[in-house]
6 protein chains.
Amino acid sequence: MKEEESFEEKRERLNEMVMDSGNLEIKRFFNLDNQVYEEGALPKKTKELLGLVASLTLRCDDCVEYHLNRCYEQDVTEEEVMEALSIGLVVGGSTTIPHLRVAVEKWKDMED
Amino acid sequence: MKEEESFEEKRERLNEMVMDSGNLEIKRFFNLDNQVYEEGALPKKTKELLGLVASLTLRCDDCVEYHLNRCYEQDVTEEEVMEALSIGLVVGGSTTIPHLRVAVEKWKDMED
Amino acid sequence: MKEEESFEEKRERLNEMVMDSGNLEIKRFFNLDNQVYEEGALPKKTKELLGLVASLTLRCDDCVEYHLNRCYEQDVTEEEVMEALSIGLVVGGSTTIPHLRVAVEKWKDMED
Amino acid sequence: MKEEESFEEKRERLNEMVMDSGNLEIKRFFNLDNQVYEEGALPKKTKELLGLVASLTLRCDDCVEYHLNRCYEQDVTEEEVMEALSIGLVVGGSTTIPHLRVAVEKWKDMED
Amino acid sequence: MKEEESFEEKRERLNEMVMDSGNLEIKRFFNLDNQVYEEGALPKKTKELLGLVASLTLRCDDCVEYHLNRCYEQDVTEEEVMEALSIGLVVGGSTTIPHLRVAVEKWKDMED
Amino acid sequence: MKEEESFEEKRERLNEMVMDSGNLEIKRFFNLDNQVYEEGALPKKTKELLGLVASLTLRCDDCVEYHLNRCYEQDVTEEEVMEALSIGLVVGGSTTIPHLRVAVEKWKDMED
């Protein structure tokens with residue numbers, strides 16, 4: 001049942017729905033969206049931080065939560081996350097604050 | 001004469017004009033805008049890359065050029081810059097391409 | 001009771017609340033917002049697709065759902081919708097993906 | 001319990017969580033975000049209206065609700081609010097309409 | 001000759017070109033765009049400040065220059081303008097700084 | 001010499017510079033950016049109009065000029081272009097007007 005699925009499950013279910021839609025360009029975009037965060041000249045950790053700050057300045061809660069999750073997996077520390085978020089806050093202004101709140105709550109939840 | 005000043009000189013001259021305007025909050029913001037890029041838990045280099053990608057996704061040429069300059073000073077390599085820009089491109093979409101072109105041209109100019 | 005009203009009913013109720021507020025310019029804007037999608041040199045169907053893509057690139061879920069509804073009424077096919085959405089995705093970048101997911105789910109719901 | 005807290009309580013709780021995170025630049029930004037709305041050459045009331053319109057054009061529901069609250073406290077009339085919102089609507093376009101609906105509903109709720 | 005026309009003349013010439021294009025909705029929008037700034041429950045001066053801050057947060061140089069001009073005509077003082085701009089800066093973040101510089105330079109030019 | 005190159009030549013030269021940078025994801029994005037406008041369930045003409053309106057609402061002059069060019073090649077009429085632009089104007093608001101002016105001037109230039 002839809003009611004019981006978690007944020008991650010819903011995300012996964014809808015991603016599959018999108019991929020099943022059969023549009024080739026959308027599939028290619030989704031692949032590309034994974035590839036740019038792969039280890040390269042820049043380490044994965046840095047790339048996830050880049051994704052996180054871009055998500056905050058563009059004020060996308062889903063994207064912020066996703067990259068925070070990946071940052072957590074890459075052993076980013078709280079201090080590092082907060083510094084990255086502070087850059088996003090200064091670049092994007094007070095209009096990013098509601099998303100900063102979501103980020104900090106999500107981070108605390110992951111740490112507990 | 002205004003005609004002969006470089007981009008950097010004009011930027012400097014206008015920044016001083018803003019700071020001279022006597023508004024305390026604007027001055028504080030400008031200070032904060034320097035502080036968030038200072039060495040901390042994250043190295044300066046990473047912070048400049050964060051500023052660069054945020055600038056690209058928000059499509060701000062002046063900001064892109066400024067952070068590219070700082071990245072260059074922090075010995076970021078071309079491969080690293082291009083990976084950072086590729087993340088900005090995928091996050092922000094084709095609407096960032098004109099700014100990506102500015103970035104790549106500016107980078108080549110600095111290398112020459 | 002508010003709890004039981006659907007998305008469309010809530011939208012309708014709030015639109016009336018806005019129209020009742022007695023601000024003439026807001027009323028004129030709402031009228032204009034209907035007029036631009038009327039049949040003209042471009043068919044209604046094309047105009048709804050234009051509204052849909054603009055809504056996706058500006059990342060407005062309400063607007064996406066509204067124009068998807070109108071596209072459905074204009075007999076736009078799933079393949080056409082997906083092509084339109086793929087343009088929005090490439091123009092607006094990965095930050096539109098959460099809204100693309102909403103769109104695809106809404107479309108499937110309407111087809112069922 | 002989280003379930004029972006109001007929008008304002010949640011906002012307050014999360015703001016404290018952000019402030020407790022110990023990042024100095026974020027704290028400074030939050031202070032600055034209060035200072036710019038203080039009485040000055042422009043009256044508080046005008047400044048809250050400026051914050052309201054900026055929030056509408058940037059399509060931030062939380063920010064819209066916050067500044068509406070402050071406008072209400074500053075004895076802004078409904079006619080004044082609607083004129084301010086009409087400017088935001090014309091500057092920001094139909095993509096602000098979902099946020100305009102939130103604003104009008106919130107205003108009516110405060111008046112009741 | 002095009003070379004010799006000022007910013008205001010070019011703006012005027014292009015506006016006429018748009019109005020001459022014969023699209024009724026565009027004409028109506030242009031009219032509406034004038035009406036929302038007319039004296040009402042809020043004075044013209046406040047409305048121009050609202051337009052100015054919205055223009056800064058949306059980072060539109062042309063719009064910033066236009067509303068600064070109108071603010072100047074409404075006898076807004078430099079201190080008031082700077083306070084309004086400081087709100088736009090805090091709401092919109094460092095990405096508005098290039099436009100803030102344009103605004104301050106334009107203001108100084110008008111005062112001279 | 002750089003001075004003598006046209007807008008299209010500069011665009012072409014910079015695109016090659018970007019492609020030569022050797023970042024695979026950027027190349028893939030550029031390819032994808034061409035593919036989504038190819039003839040499909042929706043005709044090329046409609047897709048170019050979708051690109052045009054998305055470009056206007058995202059306020060990207062380069063993108064607007066590019067898609068106007070392609071619309072012209074696809075025999076879109078002036079009336080059709082103006083209707084598409086009127087949708088972009090209403091969706092994106094008065095902040096798109098400077099870009100609408102660029103579009104109308106560019107269109108007249110192509111017709112002459």
Subset tally (residues that are more than 17 Å from D:Leu50 (Cβ to Cβ) and among the polar types (S, T, N, Q)) for region E:53-69 | 1
By my count, helices (runs of 4 or more DSSP H) wholly in region E:26-112 with at least 2 residues that are closer than 20 Å to B:Arg11 by Cβ and within 7 Å of another protein chain (Cβ to nearest Cβ) are E:78-92, E:97-111
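Would you call F:Pro43 within 23 Å of C:Val64 (Cα to Cα) and out of contact with any Ser or Thr (no Cβ under 9 Å at 6 or more places or on another chain)?
Details: within 23 Å of C:Val64 (Cα to Cα): yes; out of contact with any Ser or Thr (no Cβ under 9 Å at 6 or more places or on another chain): yes.
Against the criterion (within 23 Å of C:Val64 (Cα to Cα) and out of contact with any Ser or Thr (no Cβ under 9 Å at 6 or more places or on another chain)), F:Pro43 qualifies.
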Given (1) buried (at least 17 other Cβ atoms within 10 Å of the Cβ); (2) in contact with a helix residue (DSSP H, G or I) (Cβ under 7 Å, 6 or more places away or on another chain); (3) not polar (S, T, N, Q), number of the condition C:Arg11 does not satisfy = (2)
Report, by residue number, each residue of region E:14-25 that is surrounded by fewer than 13 Cβ atoms within 10 Å (Cβ to Cβ), assigned to a helix (DSSP H, G or I) and over 19 Å from the mean Cα position of the chain (by Cα).
-> E:Asp20
Do you know which residues across region E:14-42 are in contact (Cβ under 8 Å) with a residue 12 or more places away in the chain and out of contact with any helix residue (DSSP H, G or I) (no Cβ under 6 Å at 6 or more places or on another chain)?
-> E:Asn15, E:Phe30
B:Lys47 farther than 24 Å from A:Thr77 by Cβ, without any contact (Cβ under 8 Å) to a residue 24 or more places away in the chain and not polar (S, T, N, Q) = no
Is one or more of the residues making up region F:28-38 within 24 Å of C:Glu39 (Cβ to Cβ) and surrounded by 13 or more Cβ atoms within 10 Å (Cβ to Cβ)?
-> no
Provide a single number: the residues in region D:48-66 that are over 18 Å from F:Ser94 (Cβ atoms) and touching a His at 6+ places or on another chain (Cβ under 7 Å).
-> 4
Applying the selection to region F:67-81, what residues are free of Cβ contacts under 8 Å to residues at least 40 places away in the same chain and closer than 23 Å to B:Gly93 by Cα?
-> F:His67, F:Arg70, F:Cys71
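Conditions tested, residue by residue: (1) buried (at least 19 other Cβ atoms within 10 Å of the Cβ); (2) of a type in the set (A, V, I, L, M).
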residue: D:Glu5; (1), (2): no, no
residue: D:Cys60; (1), (2): yes, no
residue: D:Lys106; (1), (2): no, no
residue: D:Met110; (1), (2): no, yes
For region D:40-53, indicate whether the set of residues that are touching a Gly at 6+ places or on another chain (Cβ under 9 Å), crowded, with 23+ Cβ neighbours inside 10 Å and of a type in the set (Lys, Arg) is non-empty.
-> yes
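Give me the residue from region E:82-112 that is without any contact (Cβ under 8 Å) to a residue 40 or more places away in the chain and farther than 30 Å from A:Leu85 by Cα and, out of that set, nearest to the chain's Cα centre (by Cα).
E:Trp107
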Flagged pairs (Cβ under 8 angstrom, 6 or more apart or on separate chains; first in region F:52-65, in the same structural domain as F:Thr95 (by TED's automatic domain parsing); second among the aromatic types (Phe, Trp, Tyr)) are F:Ser55/F:Tyr66; F:Glu65/F:Phe7
Quick one: in region F:70-102, which of the residues that are surrounded by 19 or more Cβ atoms within 10 Å (Cβ to Cβ) and of a type in the set (Ser, Thr, Tyr) is farthest from E:Val53 (Cα to Cα)?
-> F:Ser86
How many residues are over 21 Å from A:Leu24 (Cα atoms) and hydrophobic (A, V, I, L, M, F, W, C) if we restrict to region C:65-86?
-> 1
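The values are calculated or read from the model by the stated rules, or taken from the named source; none is laboratory data. Note that this is a predicted model, so its numbers are computed, not measured. A quick note on method: Cβ atoms are made from the backbone with ideal geometry, for glycine too, and the neighbour counts reach across all protein chains shown.
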